[in-house]
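The values are calculated or read from the model by the stated rules, or taken from the named source; none is laboratory data. Please read these numbers as outputs of a predicted model, since none were measured by experiment. When we count neighbours, we look across all protein chains shown, and the Cβ atoms used for this are built from the backbone with ideal geometry, even at glycine. What goes into the accessible areas is simple: the full protein's heavy atoms, side chains included, and nothing from ligands, DNA or RNA. Shrake-Rupley method; radii C 1.70, N 1.55, O 1.52, S 1.80 Å.
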Amino acid sequence: MPEWIEDPALKLRMRFERLAEDLAGEVEVEPGGGIGKHFHPRQDELWTVREGKARFQLGRSKRLLEAGEEVLVPAGVRHALKNVGDRTARLRFTIKPALELEPFLLEAAALNRERKVTSFGIPTSFGALLDGATFIDRYKDTCVLVFPPPFPPPALQPLAFAPLARLARRRRASQGRQ
């Protein structure tokens, strides 16, 4: 398996491996860290807790999982996870099918390492807002973010982010001509 990818904003690190059309990987989540509410329009996820404890939110329900327990997240279900223990939680996941999830996760971690967003997901500058809008627009068929408030509801995200993504592309093109 490749090297670990750090995401300091989410307090986790992850690594991936391709399994034919699927994506598998490991995630280590520090206490208090986790992944905010989102959903995948066309992918199912299977999560297994290997060590520690993690609270999964699936729709409106919450489940606390400990080592050896697993949860299946069907496509389209809003979900989140958080390490609620006092030590690092180690989890394994499988995503079916992989689609563009690996590049999405790599780019999200890079944006977080560059401090383009706060730990609450708020852009740190206008340029960061444009980068984020471009990112969300590019991966809209793979992952739909539904946090933090007042994040636009999924149905309105194309109306909000597509114009910002176009503006970002125009700004990049005009800066390249100078």
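Pairs are defined by a Cβ separation below 8 Å, a sequence spacing of at least 6 or placement on different chains, a first member in the stretch 127-139 that is within 16 Å of Glu114 (Cα to Cα) and in contact (Cβ under 8 Å) with a residue 40 or more places away in the chain, and a second member that is part of a helix (DSSP H, G or I) and open to solvent by less than 20 Å² (accessible area, probe 1.4 Å); the pairs so defined are Leu130/Ala165; Leu130/Ala168. Considering only the stretch 124-137, I want to know if a residue exists there that is open to solvent by 30 Å² or more (accessible area, probe 1.4 Å) and assigned to a strand (DSSP E or B). Looking through the stretch 124-137, none of the residues is open to solvent by 30 Å² or more (accessible area, probe 1.4 Å) and assigned to a strand (DSSP E or B). The lone criterion from (1) in a strand (DSSP E or B); (2) more than 28 Å from Ala128 (Cα to Cα); (3) touching a Pro at 6+ places or on another chain (Cβ under 8 Å) left unmet by Gly85 is number (1). Residues in the stretch 60-79 that are surrounded by fewer than 19 Cβ atoms within 10 Å (Cβ to Cβ), touching a Leu at 6+ places or on another chain (Cβ under 9 Å) and assigned to a strand (DSSP E or B): Glu70, Val71, Leu72.
Kindly establish whether Leu81 is closer than 29 Å to Glu66 by Cα, modelled with pLDDT under 90 and not β-branched (Val, Ile, Thr). Don't jump to the end; show me each part of the working.
Working: closer than 29 Å to Glu66 by Cα: yes; modelled with pLDDT under 90: no; not β-branched (Val, Ile, Thr): yes.
In short, no.
Residue pairs whose Cβ atoms lie under 8 Å apart, sitting 6 or more positions apart in sequence or on different chains, and linking a residue in the stretch 68-93 that is on the phi > 0 side of the Ramachandran plot to a partner that is part of a loop (DSSP other than H, G, I, E, B), are Gly76/His40; Gly76/Pro41.
Output the number of residues of the stretch 25-59 satisfying the condition of being assigned to a strand (DSSP E or B), among the polar types (S, T, N, Q) and open to solvent by less than 40 Å² (accessible area, probe 1.4 Å).
So in the stretch 25-59, the residues assigned to a strand (DSSP E or B) come out as 25-29, 34-39, 44-51, 53-58.
Adding the requirement that they be among the polar types (S, T, N, Q) leaves 48, 57.
Within this subset, residues satisfying the condition of being open to solvent by less than 40 Å² (accessible area, probe 1.4 Å) are 48.
Matching residues across the stretch 25-59 total 1.
Considering the conditions (1) more than 19 Å from Glu21 (Cβ to Cβ); (2) not in a strand (DSSP E or B), Glu102 is excluded by exactly one of them, (1).
Considering only residues in the stretch 3-24 that are in contact with a Lys or Arg (Cβ under 6 Å, 6 or more places away or on another chain) and in a strand (DSSP E or B), the one that is farthest from Lys116 (Cα to Cα) turns out to be Asp22.
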